[in-house]
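Please treat every number below as a calculation from the coordinates, not as lab data. Small disclaimer: the values here were computed from a predicted structure and weren't measured. Counting neighbours? That spans all protein chains shown, and the Cβs are built from the backbone with ideal geometry, glycine included.
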Amino acid sequence: MIRLAVFLVGLSATTAQAQVLDFPANAVLQTSEVSAFDSYDLPVAIWADGAIPTKPVEGEITRQAWRINTQALTTLQLLRPLRDQLRDDGYSIILDCQTEACGGFDFRFGTTTLLPPEMQINIGDFRFLAAERSTPDGDEYVSLFVSRTAQAGFVQLTRVGPARDTATDIARPAGAAPVDAVAGDPPSGLGKQLDDTGRAVLADLEFAIGSSSLADRAFDSLAEIAAYLTRYPDRSIALVGHTDTLGALDTNIALSRQRAAAVVDRLVADYGVSRSRLAAEGMGYLAPVASNLTAEGRSANRRVEVIVTSAD
């Protein structure tokens with residue numbers, strides 16, 4: 001599996017006003033703009049009925065664009081540590097959405113953003129977060145617009161609230177470990193299986209018998225798929241569900257397809273994988289890998305496989 005250095009982030013919070021977002025060491029501040037007092041229409045919901053619902057907020061406005069020099073992380077992996085810092089410092093999350101769920105093209109161009117090349121937004125792969133908190137000096141608001149290209153990740157930070165002394169009171173690159181991937185590292189684990197044979201079984205997935213609901217926890221196999229697709233941005237995959245022979249064929253085909261679709265949904269929602277690179281299929285019990293005459297064999301046959309369907 002591609003090695004990712006841990007995205008270590010901290011939060012300086014000696015007082016409510018001293019809160020600072022720490023970016024990883026390989027983050028570079030591209031540009032910073034400060035308005036002593038202005039207003040900002042903070043997006044608070046997804047695009048609907050031809051507009052983005054907003055909350056007008058006032059105060060000192062700081063806008064920054066950060067470039068994170070990594071090719072390996074999804075937009076969710078870039079956003080999560082920053083979101084965790086905000087929560088730890090008392091912010092309430094108002095909006096947290098991803099690409100299509102935000103409103104896609106309409107949300108992107110209905111939201112105020114800094115200009116390229118300092119801030120680059122891929123309209124097919126972005127996340128947006130808005131948060132608020134109350135401090136002794138007044139209400140404070142933060143929005144994060146996160147996207148990535150084939151070369152790097154990008155984060156736009158907008159902060160509105162009581163005046164700060166300097167821009168470095170808002171965010172800074174910390175002495176933390178950089179987030180990165182060693183592009184030349186050979187794939188291992190599931191990624192190596194996909195390179196060697198074009199397919200692999202996702203053996204750690206958990207479904208209740210007869211159910212298409214994927215257990216609500218993290219699965220290493222899905223993280224490996226996300227890393228594999230990040231490593232190979234021109235490749236697509238299919239998730240294929242399989243069942244044992246208990247029940248009718250039509251019922252099992254439907255169930256196996258639903259399980260594959262649940263895996264697709266999880267990859268999109270939790271790992272930021274583009275849905276256009278994923279397909280879900282179901283084979284029912286038509287492609288067993290073991291005998292259905294034993295409990296062990298039936299357990300082996302209940303599985304979801306990943307298959308590479310296009311390669312660069």
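Work the Kirkwood hydrodynamic radius out for segment 11-173: mean of 1/r over every pair of different alpha-carbon atoms, inverted, in Å.
Values: mean 1/r = 0.0635 Å⁻¹.
Averaging 1/r across every pair of different Cα atoms and inverting gives 15.7 Å.
Mind checking which of ALA45, ALA27, ALA208 has the largest fluctuation in a GNM of the chain, springs on alpha carbons under 10 Å?
Most flexible of the set in this elastic network: ALA208.
Roughly what would the spin-label model give for GLU33 and ALA45, points 7 Å off Cα along C-beta, in nm?
For GLU33 paired with ALA45, the spin-label model returns 2.8 nm.
Determine, from the Cβ-Cβ distance of ALA218 and ASP96 and an R0 of 25 Å, the FRET efficiency 1/(1 + (r/R0)^6), rounded to the nearest 0.05.
With a Förster radius of 25 Å, E is 0.90.
Please report, in whole Å³, the volume per residue of the convex hull around the C-alpha atoms of segment 189-310. Provide the component values of the computation, followed by the final result.
Details: hull volume 12.0 nm³, N = 122.
Spread over its residues, the Cα hull of segment 189-310 gives 98 Å³ apiece.
Under the classification rounded if a/c is under 1.5, otherwise prolate if a/b is larger than b/c and oblate if not, where does segment 25-84 fall, given a ≥ b ≥ c as square roots of the Cα gyration tensor eigenvalues? Numbers along the way, then the final one.
On the way: a/c = 2.71, a/b = 1.33, b/c = 2.04.
It is oblate, given that a/c is not under 1.5 and a/b is not larger than b/c.
For segment 185-267, what relative contact order do you get, as a whole percent, if you take Cα pairs closer than 8 Å and at least 6 residues apart?
On the way: 64 pairs, mean separation 22.6, N = 83.
Computed over segment 185-267, the figure is 27 percent.
Of ALA238, THR294, ALA200, which is farthest on the positive side of the dipole of segment 189-310, counting Cα position, with +1 on Lys and Arg Cβ, -1 on Asp and Glu Cβ, and the Cα centre as origin?
ALA238
Quick one: what are the phi-derived ³J(HN,Hα) couplings along segment 26-38, Karplus 6.51/-1.76/1.60 with θ = phi - 60°, whole Hz, x for glycine and proline?
Here the 3J(HN,Hα) series is 9, 8, 10, 6, 7, 7, 9, 10, 10, 10, 4, 7, 7 Hz.
For VAL304, VAL264, which order do you get if you count the other beta carbons within 10 Å of each Cβ and list the fewest first? Write down the numbers at each step before the final one.
On the way: VAL304 22, VAL264 19.
With the fewest neighbours first, VAL304, VAL264 line up as VAL264, VAL304.
Could you work out the mean projected area of the convex hull around the alpha carbons of the chain, in square nanometres to one decimal? Walk me through the numbers before you get to the answer.
Details: hull surface 71.6 nm².
That works out to 17.9 nm², a quarter of the Cα hull's surface.
Once you keep just the Cα pairs under 8 angstrom separated by 6 or more residues, what percentage relative contact order results for segment 28-155? Show your work: numbers first, answer last.
Values: 244 pairs, mean separation 37.0, N = 128.
Relative contact order for segment 28-155 comes out at 29 percent.
Quick one: which residues, 5 or more positions from THR309 or on another chain, have an amide H under 5 Å from its amide H? H modelled 1.01 Å from N in the peptide plane, none for Pro or chain starts.
Amide H neighbours of THR309: SER236, ILE237, ALA238.
So how do LEU246, LEU29 line up by other beta-carbon neighbours within 10 Å, fewest first? Please list the in-between numbers first.
Values: LEU246 13, LEU29 17.
The order, fewest Cβ neighbours first, is LEU246, LEU29.
Compute the distance from the alpha-carbon center of segment 238-311 to that of segment 24-46, in whole Å.
Taking the Cα centre of each part, segment 238-311 and segment 24-46 sit 43 Å apart.
Tell me, in nm to one decimal, what length is gained between GLU58 and GLN151 on full extension, where the rule is 0.36 nm per residue of separation less the Cα-Cα distance? If you can, show how the numbers build up before the last one.
On the way: separation 93, 0.36 × 93 = 33.48 nm, distance 3.51 nm.
This chain segment gains 30.0 nm when fully extended.
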